[in-house]
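The values are calculated or read from the model by the stated rules, or taken from the named source; none is laboratory data. Treat the numbers as computed from the prediction; the structure is a model and nothing was measured. Here Cβ is always computed from backbone atoms with ideal geometry, including for glycine, and neighbour counts include all displayed protein chains. Surface accessibility is based on the protein's heavy atoms, side chains included, excluding ligands, DNA and RNA. Shrake-Rupley method; radii C 1.70, N 1.55, O 1.52, S 1.80 Å.
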Amino acid sequence: MTDAGEDADKTWCIAEVDIFRDLSEREMDAIAAAAPMKAYSTGELLYSPAQPSEVLFILKKGRVRIFRVSADGRALTTAIITPGTIFGEMVLLGQRMHDNFAEALDDVTVCVMSRADVHRFLLSDARISARIAEILGRRLTDLEQRLSDSVFKSVPQRIATTLLTLAAERRPRVLGARGPQIALTHQQIAALAGTSRETTTKVLRDFAAQDLIRLARGRITVLAPERLKDRAG
């Protein structure tokens with residue numbers, strides 16, 4: 001007889017993932033068996049152009065930054081992946097990731113599915129393949145916006161936009177906190193906004209002086225999202 005706790009552990013990677021929302025218990029068990037868990041530390045690369053991996057990642061814990069590096073060495077963040085969604089080298093889904101890096105913004109837990117199992121369990125199911133296409137479509141729209149921002153927005157506007165994007169994923173977690181808290185360093189914010197750490201620190205201090213945000217070690221609290229939105233342009 002199988003213990004209920006063991007069942008929960010076995011399907012932990014796909015439980016609460018939207019694309020699997022109406023699968024039967026038997027279907028979920030089969031997918032879970034094909035998607036073992038793997039952990040990455042903050043700052044570690046899940047994949048890179050030098051180490052391509054044709055797999056699908058299901059993100060369960062932490063956040064992942066997808067970025068590419070331009071010819072002049074500037075990093076452009078193309079997506080920030082949050083728990084409950086998918087990413088990876090998905091040539092078979094019409095989205096090539098071979099020129100991208102995936103970096104853990106936090107300590108990350110993912111479940112990894114091979115190309116063969118993606119075909120077997122996901123693409124063969126019309127419900128799941130339609131949801132994957134929807135996710136990739138939204139991600140493409142986000143990428144187009146990021147590319148536009150990188151060309152037309154100033155550095156302070158890009159940093160404000162980055163803070164707002166991250167704040168939208170967070171709710172106040174500390175008792176008495178006045179707003180969403182972002183647990184990233186200035187270097188990580190700089191990487192997301194496509195600028196230097198020194199410039200980012202200066203802009204963040206300016207925002208703090210205007211009471212738009214509050215700075216603490218390894219944490220930024222957004223105090224005035226509407227005013228910050230004005231700064232984002």
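Numbers at a glance
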| read-out | value |
| --- | --- |
| Residues Glu16 and Ser41, FRET efficiency given R0 of 22 Å [Cβ-Cβ distance, rounded to 0.05] | 0.40 |
| Note, ³J(HN,Hα) from phi for the stretch 116-121, Karplus 6.51, -1.76, 1.60, rounded to Hz, x at Gly and Pro | 4, 6, 4, 4, 5, 9 |
| The chain - percent relative contact order, Cα under 8 Å, separation 6 or more | 18 percent |
| Full-stretch length increase - Ala33, Ser48 - with 0.36 nm per residue and alpha-carbon distance subtracted | 2.8 nm |
| Karplus (6.51, -1.76, 1.60) ³J(HN,Hα), θ = phi - 60°, over the stretch 122-137, in Hz, Gly and Pro reported as x | 9, 5, 7, 9, 4, 4, 6, 4, 5, 5, 5, 4, 5, 4, 5, x |
| Accessible surface of the stretch 113-233, 1.4 Å probe, proportion on carbon and sulfur as whole % | 52 percent |
| Other-chain or far-sequence residues with amide H under 5 Å of Thr85's (modelled H) | Leu59 |
| Theoretical gain in end-to-end length, Asp206 to Asp99 [0.36 nm per residue, Cα-Cα removed] | 35.0 nm |
| Whether the stretch 191-233 is rounded, prolate or oblate, judged on the alpha carbon gyration tensor where a/c under 1.5 counts as rounded | oblate |
| Inverse of mean 1/r across different Cα pairs in the stretch 8-75, Kirkwood, Å | 14.4 Å |
| Under the Karplus curve 6.51 cos²θ - 1.76 cosθ + 1.60, θ = phi - 60°, whole-Hz ³J(HN,Hα) for the stretch 157-167, x wherever Gly or Pro sits | 5, 5, 5, 4, 4, 4, 4, 5, 4, 5, 5 |
| Förster radius 45 Å - calculated FRET efficiency between Arg74 and Arg120, Cβ distance, rounded to 0.05 | 0.70 |
| Per-residue [θ]222 nm for the chain (sum of -39500 (n - 2.57) over DSSP H runs n ≥ 4, rounded to 500) | -11500 deg cm²/dmol |
| Solvent exposure of the chain as accessible area per residue, Å², 1.4 Å probe | 53 Å² |
| Under 5 Å, built H, 5+ apart or other chain: amide partners of Ala79 | Ile66 |
